[in-house]
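Structure, as C-alpha coordinates:
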Amino acid sequence: MDIDAIINISPDSILKGIALRVKEKRLEQNLTQKAFAKRAGVGYDAYRTFENTGDITLRNLVLCAIALDDADGFTELFTKKSYQSIDELLKAQEVKKRKRGSRNE
(Lines give C-alpha, C1' and ligand atoms only; values in the text may rest on other atoms or scores of the structure.)
Protein backbone atom coordinates (compact mmCIF):
# COMPACT_ATOMS: atom_id res chain seq x y z
CA MET A 1 0.00 0.00 0.00
CA ASP A 2 1.24 3.47 -0.91
CA ILE A 3 1.94 5.90 1.96
CA ASP A 4 0.05 8.68 0.13
CA ALA A 5 -3.08 6.55 0.15
CA ILE A 6 -2.73 5.94 3.87
CA ILE A 7 -2.33 9.54 4.95
CA ASN A 8 -4.21 11.31 2.13
CA ILE A 9 -1.41 13.85 1.91
CA SER A 10 1.37 13.73 -0.63
CA PRO A 11 4.91 14.85 0.15
CA ASP A 12 4.66 17.26 -2.78
CA SER A 13 1.59 18.96 -1.32
CA ILE A 14 3.34 19.36 2.04
CA LEU A 15 6.45 20.82 0.39
CA LYS A 16 4.43 23.21 -1.77
CA GLY A 17 2.47 24.34 1.29
CA ILE A 18 5.69 25.08 3.15
CA ALA A 19 7.03 26.98 0.13
CA LEU A 20 3.83 29.03 -0.03
CA ARG A 21 4.01 29.93 3.67
CA VAL A 22 7.69 30.93 3.35
CA LYS A 23 6.82 33.08 0.34
CA GLU A 24 3.98 34.77 2.25
CA LYS A 25 6.31 35.55 5.17
CA ARG A 26 8.95 36.86 2.75
CA LEU A 27 6.39 39.16 1.15
CA GLU A 28 5.20 40.36 4.58
CA GLN A 29 8.77 41.54 5.11
CA ASN A 30 8.66 43.24 1.68
CA LEU A 31 11.70 41.32 0.41
CA THR A 32 12.42 40.22 -3.13
CA GLN A 33 13.41 36.62 -3.75
CA LYS A 34 16.98 37.72 -4.37
CA ALA A 35 17.18 39.84 -1.20
CA PHE A 36 15.66 37.10 0.92
CA ALA A 37 17.94 34.41 -0.51
CA LYS A 38 20.95 36.60 0.30
CA ARG A 39 19.70 37.26 3.84
CA ALA A 40 19.10 33.54 4.41
CA GLY A 41 22.43 32.49 2.92
CA VAL A 42 20.74 30.42 0.24
CA GLY A 43 21.58 30.57 -3.46
CA TYR A 44 19.09 32.63 -5.46
CA ASP A 45 18.42 29.85 -7.98
CA ALA A 46 17.85 27.32 -5.19
CA TYR A 47 15.44 29.66 -3.42
CA ARG A 48 13.54 30.49 -6.62
CA THR A 49 13.19 26.76 -7.34
CA PHE A 50 11.89 26.23 -3.82
CA GLU A 51 9.14 28.83 -4.21
CA ASN A 52 8.12 27.36 -7.57
CA THR A 53 8.30 23.64 -6.83
CA GLY A 54 8.75 23.12 -3.10
CA ASP A 55 12.10 21.38 -3.66
CA ILE A 56 14.80 22.46 -1.21
CA THR A 57 17.54 20.88 0.85
CA LEU A 58 16.88 20.53 4.54
CA ARG A 59 19.84 22.82 5.30
CA ASN A 60 18.48 25.57 3.05
CA LEU A 61 15.01 25.21 4.55
CA VAL A 62 16.47 25.62 8.04
CA LEU A 63 18.40 28.70 6.85
CA CYS A 64 15.14 30.16 5.49
CA ALA A 65 13.38 29.47 8.77
CA ILE A 66 16.17 31.17 10.72
CA ALA A 67 16.02 34.20 8.42
CA LEU A 68 12.27 34.40 9.09
CA ASP A 69 12.82 33.96 12.84
CA ASP A 70 10.67 30.84 12.72
CA ALA A 71 13.05 27.93 13.37
CA ASP A 72 11.35 26.71 16.56
CA GLY A 73 9.29 24.13 14.69
CA PHE A 74 12.40 22.22 13.68
CA THR A 75 13.32 21.52 17.28
CA GLU A 76 9.97 19.83 17.78
CA LEU A 77 10.16 17.48 14.80
CA PHE A 78 10.31 13.81 15.76
CA THR A 79 10.34 14.48 19.50
CA LYS A 80 9.13 12.06 22.10
CA LYS A 81 5.47 12.03 22.95
CA SER A 82 4.25 13.99 25.95
CA TYR A 83 1.86 12.19 28.25
CA GLN A 84 -1.41 13.46 29.65
CA SER A 85 -1.54 11.15 32.67
CA ILE A 86 0.66 8.85 34.73
CA ASP A 87 -1.36 5.88 33.47
CA GLU A 88 -0.53 6.80 29.89
CA LEU A 89 3.17 7.03 30.78
CA LEU A 90 3.18 3.69 32.56
CA LYS A 91 1.43 2.00 29.66
CA ALA A 92 3.97 3.42 27.21
CA GLN A 93 6.84 2.13 29.33
CA GLU A 94 5.42 -1.38 29.14
CA VAL A 95 5.91 -1.39 25.38
CA LYS A 96 9.25 -2.93 24.52
CA LYS A 97 11.54 -0.46 22.76
CA ARG A 98 12.83 -1.84 19.49
CA LYS A 99 16.50 -1.62 18.67
CA ARG A 100 16.06 -2.57 15.03
CA GLY A 101 13.36 -3.36 12.52
CA SER A 102 12.23 -6.91 12.04
CA ARG A 103 11.18 -6.81 8.44
CA ASN A 104 12.38 -5.56 5.07
CA GLU A 105 10.10 -5.21 2.09
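Quick rundown of the values:
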| quantity | calculated |
| --- | --- |
| Anisotropy class of segment 1-89 from Cα gyration tensor, a/c 1.5 cut | oblate |
| At R0 = 30 Å, FRET efficiency that the Cβ-Cβ distance of ASP87 and LEU15 yields, to 0.05 | 0.20 |
| HN-Hα J in Hz across segment 67-84 - Karplus 6.51, -1.76, 1.60, θ = phi - 60°, x for Gly and Pro | 5, 8, 6, 9, 8, 4, x, 5, 6, 9, 5, 6, 8, 5, 5, 9, 9, 8 |
| Residues of segment 1-72: accessible area per residue with a 1.4 Å probe, Å² | 69 Å² |
| Ordering of 54-62, 73-81 by packing [mean C-beta count within 10 Å, highest first] | 54-62, 73-81 |
| Subset of LYS34/LYS80; LYS25/LYS80; LYS16/LYS38; LYS16/LYS91; LYS16/LYS81; LYS38/LYS80 violating a 32 Å alpha-carbon distance limit | LYS34/LYS80; LYS16/LYS91; LYS38/LYS80 |
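The values are calculated or read from the model by the stated rules, or taken from the named source; none is laboratory data. Small disclaimer: the values here were computed from a predicted structure and weren't measured. Quick reminder, even Gly has a Cβ in these numbers, built from the backbone with ideal geometry, and neighbours come from all protein chains shown. Surface accessibility is based on the protein's heavy atoms, side chains included, excluding ligands, DNA and RNA. Shrake-Rupley method; radii C 1.70, N 1.55, O 1.52, S 1.80 Å.
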